[in-house]
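Below is one structure, written out as structure tokens; the observations come after it.
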Amino acid sequence: MQQKALGLALQAAAKRRPALLALLTATSVWLLANQAEAWAGGGHLGLNLDDGNIHIGGDLLFPLVDVSPNVRLSIWPSLAYVFIDGGHDVVLFGADFPFEFRIANSILAPFVGPGLGLAVQHEAALKLNVIGGTFIDVGDRVRLFAELALRFVRHTYVDLLFGVLIEL
């Protein structure tokens with residue numbers, strides 16, 4: 001079922017948004033080829049605060065540039081599967097751009113940023129995101145995160161996410 005949903009999502013995106021797919025592919029290739037710093041991968045659990053739906057997802061985090069000595073801009077691609085109680089499940093594709101505020105001698109690093117993506121249920125719909133939260137350094141190459149995400153797609157949704165990223 002999940003593979004079918006993912007296949008339908010990719011087909012819908014390819015039919016409706018070929019320029020977006022080309023841009024995401026080119027960006028991914030550029031990031032992988034020009035990655036000067038370590039990147040991270042991991043996953044998250046989320047709860048939609050509007051309807052109580054749970055979702056699980058996978059995350060990658062690629063540092064792009066240090067905007068200042070204490071602020072880093074990254075790209076955060078993600079894929080999530082939302083379990084809709086009594087309805088059709090949703091697949092979310094996203095690319096967020098968090099500005100991370102590094103605090104000297106602290107395990108906390110707050111972040112905020114915009115994002116965009118696709119929400120696929122019966123058809124693909126463009127979504128805009130606004131995210132905010134904090135990273136928590138818990139050990140060698142391991143960071144936890146807590147995030148509040150506002151998603152603007154047909155309606156406004158609010159999600160609370162908790163996850164882990166491991167530097168690769």
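The values are calculated or read from the model by the stated rules, or taken from the named source; none is laboratory data. Since this is a predicted model, take the numbers as computed values, not measurements. A quick note on method: Cβ atoms are made from the backbone with ideal geometry, for glycine too, and the neighbour counts reach across all protein chains shown.
With respect to A5, is the statement that it is modelled with pLDDT under 85 and either closer than 22 Å to L165 by Cβ or acidic (D, E) (or both) true?
No.
Across the stretch 78-94, what is the total count of residues that are surrounded by fewer than 17 Cβ atoms within 10 Å (Cβ to Cβ) and among the hydrophobic types (A, V, I, L, M, F, W, C)?
Of the residues in the stretch 78-94, 2 are surrounded by fewer than 17 Cβ atoms within 10 Å (Cβ to Cβ) and among the hydrophobic types (A, V, I, L, M, F, W, C).
Before we move on, is F97 touching a Gly at 6+ places or on another chain (Cβ under 7 Å) and surrounded by fewer than 19 Cβ atoms within 10 Å (Cβ to Cβ)?
Working: touching a Gly at 6+ places or on another chain (Cβ under 7 Å): yes; surrounded by fewer than 19 Cβ atoms within 10 Å (Cβ to Cβ): yes.
Criteria met by F97.
Filter the stretch 81-103 down to the residues that are at pLDDT 95 or above and over 18 Å from H44 (Cα atoms) and list them by number.
F99, E100, F101, R102, I103
Limited to the stretch 25-68, what total is found for residues that are part of a helix (DSSP H, G or I), modelled with pLDDT of 55 or more and surrounded by 13 or more Cβ atoms within 10 Å (Cβ to Cβ)?
Count: 2.
Are there any strands (runs of 3 or more DSSP E) wholly within the stretch 83-146 with 1 or more residues that are in contact (Cβ under 8 Å) with a residue 40 or more places away in the chain, and if so which?
Filter on the stretch 83-146 gives 90-96, 108-120, 124-139.
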